[in-house]
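Participant: What follows is a structure written as structure tokens; I'll ask about it next.
The values are calculated or read from the model by the stated rules, or taken from the named source; none is laboratory data. Given the structure is predicted, the values throughout are model-derived calculations rather than measurements. Note that we place each Cβ from the backbone using ideal geometry, even for glycine, and neighbour counts take in every protein chain shown. Just so you know, the surface numbers come from the protein's heavy atoms only, side chains and all, with ligands and any DNA or RNA stripped out. Shrake-Rupley method; radii C 1.70, N 1.55, O 1.52, S 1.80 Å.
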Amino acid sequence: MRVLGFVLAVLALPLQAQEPVLRASAGLLFKHPEVVRPGSCVSYREGGAGWILVEPLYYLRGTVTAASVSTRRLEQCPTVEGKTRDQYTRAEYVNLARAMPCLPPGVPARDEQVGMVRFKVEDWETPHARKAENAGRLYRGMYLDQPLQKGTEVELEADLLGPCS
């Protein structure tokens, strides 16, 4: 009877708003702000997998202009009916990448704290092979659907970036 009374008392409490979850990207900005301070050199890398036959490594390299942590409402990732991600066209993949960070199907929307870094592109190497069309954000001289030029500004989650080596 005591347990039942406790359960009823807990259920009668007003629902409190949950604090937004802290994503790894936001945690990085709090723990290592020196890595992404304005003027720092950062790079984004794709590829390079394998031990013996290593895939080529593609990258964007640039100078940080701003870094911030903000609360974002994460929705479910867009999907294309009847296709797996490796079957997406470039346009379908770009749509998915622009929605990130997002949640898998069936997971309800929620607020999360996301750490974003904006940087000016200074150097890049992108794949040109057709098989790379839906493999990453870099493809044929573009970041998603934005042509790359020196000074182009790109914004990415902080945990996708590393210091220039």
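Participant: If a residue must be closer than 17 Å to Gly62 by Cβ and aliphatic (A, V, I, L, M), how many such residues does segment 120-144 contain?
Facilitator: Of the residues in segment 120-144, 4 are closer than 17 Å to Gly62 by Cβ and aliphatic (A, V, I, L, M).
Participant: Identify the residue in segment 33-79 that is exposed (fewer than 14 other Cβ atoms within 10 Å of the Cβ) and in a helix (DSSP H, G or I) and, among all such residues, is nearest to the chain's Cα centre (by Cα).
Facilitator: Out of the qualifying residues, it is Pro33.
Participant: Could I ask something else about it? Mind listing whichever residues of segment 89-119 are in a loop (DSSP other than H, G, I, E, B), of a type outside the set (S, T, N, Q), open to solvent by 40 Å² or more (accessible area, probe 1.4 Å) and farther than 18 Å from Leu60 by Cβ?
Facilitator: To start, the set of residues in segment 89-119 that are in a loop (DSSP other than H, G, I, E, B) comprises 89, 100-102, 104-109.
So of that shortlist, the ones also of a type outside the set (S, T, N, Q) come out as 100-102, 104-109.
Pick out the ones that are also open to solvent by 40 Å² or more (accessible area, probe 1.4 Å) and you get 100, 104-108.
Passing the criteria: Pro104, Pro105, Gly106, Val107, Pro108.
Participant: Looking at segment 30-42, I want the residues that are under 14 Å from Leu161 (Cβ atoms) and have a partner that is modelled with pLDDT under 95 and not in a strand (DSSP E or B) with Cβ atoms under 7 Å, at least 6 apart or on another chain. Which pairs are those?
Facilitator: That search, which allows pairs on different chains as well, returns Val36/Leu29; Val36/Ala158; Cys41/Cys164; Val42/Val36; Val42/Cys164.
Participant: Another question, if that's okay. With the checklist (1) touching a Pro at 6+ places or on another chain (Cβ under 8 Å); (2) at pLDDT below 90; (3) of a type in the set (Val, Ile, Thr) in hand, flag the one item Val54 doesn't pass.
Facilitator: (1)
Participant: Spot the failing condition for Tyr143; the list is (1) surrounded by 12 or more Cβ atoms within 10 Å (Cβ to Cβ); (2) at pLDDT below 95; (3) within 19 Å of Arg45 (Cα to Cα), and only one is missed.
Facilitator: Here Tyr143 meets the rest and fails (2).
Participant: Is there a residue being of a type in the set (A, V, I, L, M, F, W, C), open to solvent by less than 10 Å² (accessible area, probe 1.4 Å) and part of a strand (DSSP E or B) anywhere in segment 123-137? Full working, then the answer.
Facilitator: Filtering segment 123-137 for residues of a type in the set (A, V, I, L, M, F, W, C) gives 124, 129, 132, 135.
Add one more test, that the residue is open to solvent by less than 10 Å² (accessible area, probe 1.4 Å), and what stays is none.
Checked segment 123-137: no residue is of a type in the set (A, V, I, L, M, F, W, C), open to solvent by less than 10 Å² (accessible area, probe 1.4 Å) and part of a strand (DSSP E or B).
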